[in-house]
There are 4 protein chains.
Amino acid sequence: MSNRLMQLMRGTGPALLMEAHDPLSALLAADAGFPAVWASSLSMSTAWGVRDSSELPWNLVMTVLEYMADRVEVPILVDGDSGHGNFNNFRIFCRKLEQLGIEGVCIEDKLFPKTNSFRKEGQPLTPIAEMCGKIRAAKDHLRDGAGFAIVARTEALVSGHPMDEALARARAYAEAGADAILIHSKSRTPGEIFAFCEQWKQGTPLVIVPTTYHSVRVEDFIHTPVKAMICANQNLRASITGMRTVCATINRTHTVGEVEDKIATVSSIFSMLDYAELEKSEALYL
Amino acid sequence: MSNRLMQLMRGTGPALLMEAHDPLSALLAADAGFPAVWASSLSMSTAWGVRDSSELPWNLVMTVLEYMADRVEVPILVDGDSGHGNFNNFRIFCRKLEQLGIEGVCIEDKLFPKTNSFRKEGQPLTPIAEMCGKIRAAKDHLRDGAGFAIVARTEALVSGHPMDEALARARAYAEAGADAILIHSKSRTPGEIFAFCEQWKQGTPLVIVPTTYHSVRVEDFIHTPVKAMICANQNLRASITGMRTVCATINRTHTVGEVEDKIATVSSIFSMLDYAELEKSEALYL
Amino acid sequence: MSNRLMQLMRGTGPALLMEAHDPLSALLAADAGFPAVWASSLSMSTAWGVRDSSELPWNLVMTVLEYMADRVEVPILVDGDSGHGNFNNFRIFCRKLEQLGIEGVCIEDKLFPKTNSFRKEGQPLTPIAEMCGKIRAAKDHLRDGAGFAIVARTEALVSGHPMDEALARARAYAEAGADAILIHSKSRTPGEIFAFCEQWKQGTPLVIVPTTYHSVRVEDFIHTPVKAMICANQNLRASITGMRTVCATINRTHTVGEVEDKIATVSSIFSMLDYAELEKSEALYL
Amino acid sequence: MSNRLMQLMRGTGPALLMEAHDPLSALLAADAGFPAVWASSLSMSTAWGVRDSSELPWNLVMTVLEYMADRVEVPILVDGDSGHGNFNNFRIFCRKLEQLGIEGVCIEDKLFPKTNSFRKEGQPLTPIAEMCGKIRAAKDHLRDGAGFAIVARTEALVSGHPMDEALARARAYAEAGADAILIHSKSRTPGEIFAFCEQWKQGTPLVIVPTTYHSVRVEDFIHTPVKAMICANQNLRASITGMRTVCATINRTHTVGEVEDKIATVSSIFSMLDYAELEKSEALYL
């Protein structure tokens, strides 16, 4: 089957993937026009009130993804951390994602349990051979290896390794069968990303996550190998700000009236989730 | 055990309960100073991308509540719809809530599957005896009936019945053991709530949900039997607005840089969920 | 897509479906040569230690079925009780079964919450129009209505109604789109089943559950419309007897040695679940 | 709170713990008179049709345990493998067990993902300091560290290490706070267990699992430090044998009649799960 995430990566410039942490945020991203959704571990963990350190059980993640995939038409790329264990855990995870109709996963070259990239310097990396084994095992185990995209993420730069290590890892992952390479950076500027791009001759598309070098624009990557740009956590952070503001106002004013016209209406929720269909069906089937 | 929700209902004026739909929104409500949280069915359903018509399985609700109760210190009042079936389903539901450390549930006199109150006129009500049977069954089945609050909600006014029906139902529910009565109204003004209050002599505290008559203030109910006021869905609606704005901006500007300083920081998330504790513990136990 | 359950119902005599209550019992049934599995509500409820009265949440049932479908090659017919609510709950349930690769569901014309057929006399039935509405709603909502079998079960005879009522209901369900009719009986002899068969001219295949009239054989139904015969709970009951015996022996003899050669070996478990594959894969991918 | 598992370990001879893999098998063990239940990973994995290699997600295990704890009065000791990750995963796991009313966990000094002890020779062990860190972290994180038993299992002998290594590990774990030590052996005779017992002077009770040296009796350990003897998988294996026999018979004879009087009755299931209570409650509350 053709994979829609990979199709998105065939343009001249990068596609924007918006973060989601639950079916609602995924739906809002799709409704706003984003062509795909990034199901972020940091975001899902935060929504569940736990830390981004493999505290959220992987099949609770799966339950969230099940409802997310039920609701949105656009493809979903899942943040798979380091694969929830070894090659066997990872291939099971991928196969279950495939069953849900999810079209891709991102796996990173770090250890289980996961440590958020922004939390600690110099985190150890998975040995290259082990990471490649995971990629190959997943591809072999999927019902349709070609229909499900595996994005291999290297944390080499983030963990303080030199550019050569990042390139060597990316090349090995691409050879092992990765459909795209996520080159992660926590530099405040995009310099090292551009440097990586220049030395990347493999043809495999690149994915970036401009969380720290946030001023870059899609247009900056036209005609580079960067074919997807992930907005890693902005939906979550926007929802937090929205809720903090409303909580503070209501708590201060002792009324919900003060915020009534500043927030989404209940009827817009009814539209978004097509309550009208239920009414029509009740007439038809009851 | 003493019940903190009922303690809140012993003041001169109503306590404000803020809506939550996931552990994060509950945490934000608690951090903002709300003394308790309302786990709304409409909100949880919406967050999961399904309709408020018993589409969300009740033990998925339970999983959300488990993580919510793990994270917040304040008591949680759960929207229990019509009890997910008959007296037996409801008493099982209550017992499982109790096991999670949840301190109360609200049950309404409508049929299963649920129909959202704002969706349809003239919905049929549960027979009074059946509703009372549910309340008694739950109280008898709990490990500590006194430690878990049952709020009985009558939809009589909302369903177009006269005030007398609402009062008769409320009295029957209170006699059956309900700890509080939620008198629901979808009038644009609080008139019928005030009328109900005047005729309410039972001593059992009242709870209101000013979604349509949203201009009322806590102060309007000082010295009335109204002891809790539920902000039914404002956190959800605020989060939607927050996300819609950010999605639109990023999609239009092709960069996350535009929103960066308008939304919560990642480090504020790390603080809120105490990532520092993890670092300390790693030093201690690894 | 062609449906393997319906294919089984095209022979001259009935296919035997063996009950399963977890993935292991399903696997044992498949390994023994049964061409399909019956995922029984009574059995699954009992395995989970709860009563067959809609006490087991439907999406916990779904989780069991997910792992069952992952493990066995033969098709699974799911006991769907009365559909877990109204037409909307039932169509959601069916769609989720379809996503899991399940090929059929059985829905019965009783009320929610379910009461086990052997527990109570004269249970009320769903109105015919409502039952037909559920069948149509499910068919319309499935991705591939033709690929997923809906077996409509009438409890008319079991509830004390006359043969005509059973026939009228069966005909209505077949017309509404049911792929097969389960005609349930709790008579000690198969007389009423044979009587029903004689008057059944619709072409839609019949399914029976000889729990009380257990002496019938597959051969008794050659050239009748009965095309499937469900062994409703024998795996569960056999497992109980096996466990009771071993528990009693160990408890009495104070050693596990006494039972060692009377029970399945650990290595037969390793074979059944193909632990060898894991070893091969470890060599390949680690 | 006093811990019932530890109370059982204060007698002159070992208590027998019977394996369970679902609520039903736990209930049968309790009904047969066993004073406690061992929730085995191998057994639960097998019941779910997956391999004992951390393939079953830990919170699915938790769901099984929730219903098990709901149903049985006797205490449950949970097979916690190597703790599902590092100290943080393990302490979260323990805290959630405690919330369910579970009274103890067993953690072993092997790596994540788990490999079944009988599957591979010479498996690597967790470093002693790391294992001790897990024990301390869990004890510190529990609401009531004294009320929840941590049994530390050393696989030193099973992995081919000398007796001294086993003793050194056991001593370190006891000092770190383990309430009991499980000394595992896969010898065909109990010699190495007796040797360990003789050198064990710490006072901390010992637990054994006579799977391979199955001829030992409870009486053989009177006045030794062995205070619990785990029947690791006999319920599961007995259920498999029971089901295999019945499946073969029905498949061969084409009737369920042949097995009818050899297996547990449906009415014994109704008794075991107290369906009568439901009838009484229906009269009371409906």
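The values are calculated or read from the model by the stated rules, or taken from the named source; none is laboratory data. Since the model is a prediction, treat every value here as computed from it, not as a measurement. Neighbour counts run over all protein chains shown; Cβ positions are idealised from the backbone, glycine included. Please note that ligands, DNA and RNA were not included when accessible areas were found on the heavy atoms of the full protein model with its side chains. Shrake-Rupley method; radii C 1.70, N 1.55, O 1.52, S 1.80 Å.
The condition of being at negative phi and more than 31 Å from the chain's Cα centre (by Cα) holds for only one of D:Tyr285, D:Tyr275, that being D:Tyr285. Filtering the range C:105-131 to residues that are open to solvent by 20 Å² or more (accessible area, probe 1.4 Å) and either among the hydrophobic types (A, V, I, L, M, F, W, C) or under 20 Å from A:Lys280 (Cα atoms) (or both) leaves C:Leu111, C:Phe112, C:Phe118, C:Leu125, C:Ile128, C:Ala129, C:Glu130. Count of the range A:4-32 residues, restricted to those that are more than 25 Å from A:Leu56 (Cβ to Cβ) and either basic (Lys, Arg) or under 16 Å from the mean Cα position of the chain (by Cα) (or both), is 8. Identify the residue in the range C:20-42 that is among the aliphatic types (A, V, I, L, M) and part of a helix (DSSP H, G or I) and, among all such residues, is farthest from the other protein chains (Cβ to nearest Cβ). The selected residue is C:Ala30. Quick one: is D:His254 within 14 Å of chain C (Cβ to nearest Cβ) and either farther than 28 Å from D:Phe118 by Cα or in contact with a His (Cβ under 7 Å, 6 or more places away or on another chain) (or both)? In short, yes.
Search the range C:71-89 for residues being out of contact with any helix residue (DSSP H, G or I) (no Cβ under 6 Å at 6 or more places or on another chain) and facing another protein chain (nearest Cβ under 7 Å), and hand back the single one that is surrounded by the fewest Cβ atoms within 10 Å (Cβ to Cβ). Step by step, filter the range C:71-89, then rank; the result is C:Asn89.
Is there a residue in the range A:226-244 that is at the interface with chain B (Cβ under 8 Å from one of its Cβ atoms), touching a Gly at 6+ places or on another chain (Cβ under 7 Å), open to solvent by 30 Å² or more (accessible area, probe 1.4 Å) and within 16 Å of B:Thr241 (Cα to Cα)? Looking for residues that are at the interface with chain B (Cβ under 8 Å from one of its Cβ atoms), touching a Gly at 6+ places or on another chain (Cβ under 7 Å), open to solvent by 30 Å² or more (accessible area, probe 1.4 Å) and within 16 Å of B:Thr241 (Cα to Cα), one finds at least one in the range A:226-244, hence yes. Condition test on A:Met229, is it at pLDDT 95 or above and closer than 23 Å to A:Ser117 by Cα? Yes: the conditions hold for A:Met229.
Filtering the range A:90-125 to residues that are more than 9 Å from chain C (Cβ to nearest Cβ), among the basic types (Lys, Arg) and within 20 Å of the chain's Cα centre (by Cα) leaves A:Lys110, A:Lys114, A:Arg119.
Note on the range D:173-286: enclosed helices (runs of 4 or more DSSP H) holding 1 or more residues that are of a type in the set (Lys, Arg) are D:234-253, D:275-285.
Each row is one residue, and each column tells you yes or no for (1) open to solvent by 20 Å² or more (accessible area, probe 1.4 Å); (2) among the hydroxyl-bearing types (Ser, Thr, Tyr).
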{"position": "C:Lys96", "(1), (2)": "no, no"}
{"position": "C:Arg136", "(1), (2)": "yes, no"}
{"position": "C:Met163", "(1), (2)": "yes, no"}
{"position": "C:Ala172", "(1), (2)": "yes, no"}
{"position": "C:Leu182", "(1), (2)": "no, no"}
{"position": "C:Lys186", "(1), (2)": "yes, no"}
{"position": "C:Thr189", "(1), (2)": "yes, yes"}
{"position": "C:Ile193", "(1), (2)": "no, no"}
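Taken over the range C:249-272, residues that are over 20 Å from D:Asp220 (Cα atoms) and either small (Gly, Ala, Ser) or in contact (Cβ under 8 Å) with a residue 60 or more places away in the chain (or both) amount to 5. Residues being out of contact with any strand residue (DSSP E or B) (no Cβ under 8 Å at 6 or more places or on another chain), among the small types (Gly, Ala, Ser), open to solvent by less than 20 Å² (accessible area, probe 1.4 Å) and at pLDDT 95 or above are entirely absent from the range C:145-161. Report yes if A:Glu130 is within 14 Å of chain B (Cβ to nearest Cβ) and modelled with pLDDT of 95 or more, otherwise no. Taking the combined requirement at face value, the residue does not satisfy it.
Only a single criterion out of (1) free of Cβ contacts under 8 Å to residues at least 12 places away in the same chain; (2) in contact with a Ser or Thr (Cβ under 8 Å, 6 or more places away or on another chain) is not satisfied by A:Glu198, namely (2). If you filter the range D:251-260 down to residues that are open to solvent by 50 Å² or more (accessible area, probe 1.4 Å) and charged (D, E, K, R), you find that the one that is farthest from C:Arg237 (Cα to Cα) is D:Arg252. For the condition at pLDDT 95 or above, farther than 30 Å from C:Arg119 by Cβ and either within 8 Å of chain C (Cβ to nearest Cβ) or open to solvent by less than 20 Å² (accessible area, probe 1.4 Å) (or both), D:Ile263 does not qualify.
Restricting attention to the range D:46-69, and to residues there that are among the small types (Gly, Ala, Ser) and open to solvent by less than 10 Å² (accessible area, probe 1.4 Å), which single residue is nearest to the other protein chains (Cβ to nearest Cβ)? Among those residues, the one meeting the criterion is D:Gly49. Going through (1) open to solvent by 30 Å² or more (accessible area, probe 1.4 Å); (2) of a type in the set (A, V, I, L, M); (3) over 30 Å from D:Pro190 (Cβ atoms) one by one, C:Ala248 falls short only on (3). Here is the figure for the range D:8-19: residues that are touching a Phe, Trp or Tyr at 6+ places or on another chain (Cβ under 9 Å) and part of a loop (DSSP other than H, G, I, E, B) total 2.
Residue by residue through the range C:133-152, note down the ones that are aliphatic (A, V, I, L, M) and within 13 Å of chain A (Cβ to nearest Cβ). If you could, list the steps in order and put the result at the bottom.
Pass one, the range C:133-152, residues aliphatic (A, V, I, L, M): C:135, C:137-138, C:142, C:146, C:149-152.
Across the range C:133-152, the qualifying residues are C:Ile135, C:Ala137, C:Ala138.
The rows are residues; the columns are (1) more than 16 Å from the chain's Cα centre (by Cα); (2) farther than 29 Å from B:Cys94 by Cβ.
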{"site": "C:Pro57", "(1), (2)": "yes, no"}
{"site": "C:Val74", "(1), (2)": "no, yes"}
{"site": "C:Asn88", "(1), (2)": "yes, no"}
{"site": "C:Pro127", "(1), (2)": "yes, yes"}
{"site": "C:Cys132", "(1), (2)": "yes, yes"}
{"site": "C:Phe148", "(1), (2)": "no, yes"}
{"site": "C:Ser159", "(1), (2)": "yes, yes"}
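Being within 17 Å of the chain's Cα centre (by Cα) and more than 14 Å from chain B (Cβ to nearest Cβ) is the filter here, so list the residues in the range A:191-218 that pass it. Selection gives A:Pro205, A:Leu206, A:Val207.
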